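Structure first, commentary second.
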Amino acid sequence: MTKPSELRTLADAELAERIEELTKELFSLRFDLATSQVANTARVSALKRDVARLRTIQNERAKSAEGGQVAR
């Protein structure tokens, strides 16, 4: 897990790439979970939170680019 302050320093392309990587890993873990092959089930929740955190930062940037205010 990375701190939001560290994630905010990433470029837009890096954010999108990171989201894609984590989404693929989450997809894979869901299949493993369904077939009872996951040793660490908490990893699924952690990945969901990380993806949500990254998407939140991405949305903040999109809103600030539109000229809207972002509360922090």
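Can you tell me how many residues in segment 15-72 are part of a helix (DSSP H, G or I), of a type outside the set (A, V, I, L, M) and over 17 Å from the mean Cα position of the chain (by Cα)?
So the count comes out to 5.
Which of the residues belonging to segment 12-46 are surrounded by 10 or more Cβ atoms within 10 Å (Cβ to Cβ), free of Cβ contacts under 8 Å to residues at least 12 places away in the same chain and of a type outside the set (Ser, Thr, Tyr)?
GLU14, GLU17, GLU20, GLU21, LYS24, PHE27, PHE31, ASP32, LEU33, VAL38
I'd like to verify a number: residues in segment 1-11 that are outside any helix (DSSP H, G or I), loosely packed, with under 12 Cβ neighbours inside 10 Å and of a type outside the set (Val, Ile, Thr), how many? Break it down into steps so the answer makes sense when it comes.
Step one: of segment 1-11, the residues outside any helix (DSSP H, G or I) are 1-3, 8-11.
So of that shortlist, the ones also loosely packed, with under 12 Cβ neighbours inside 10 Å come out as 1-3, 9, 11.
Pick out the ones that are also of a type outside the set (Val, Ile, Thr) and you get 1, 3, 11.
Of the residues in segment 1-11, 3 are outside any helix (DSSP H, G or I), loosely packed, with under 12 Cβ neighbours inside 10 Å and of a type outside the set (Val, Ile, Thr).
Each reported figure results from applying straightforward, stated rules to the coordinates on display, with no laboratory input. None of the values given here were measured: they were computed from a predicted structure. Please note: Cβ atoms are built from the backbone with ideal geometry, for glycine as well, and neighbour counts cover all protein chains shown.
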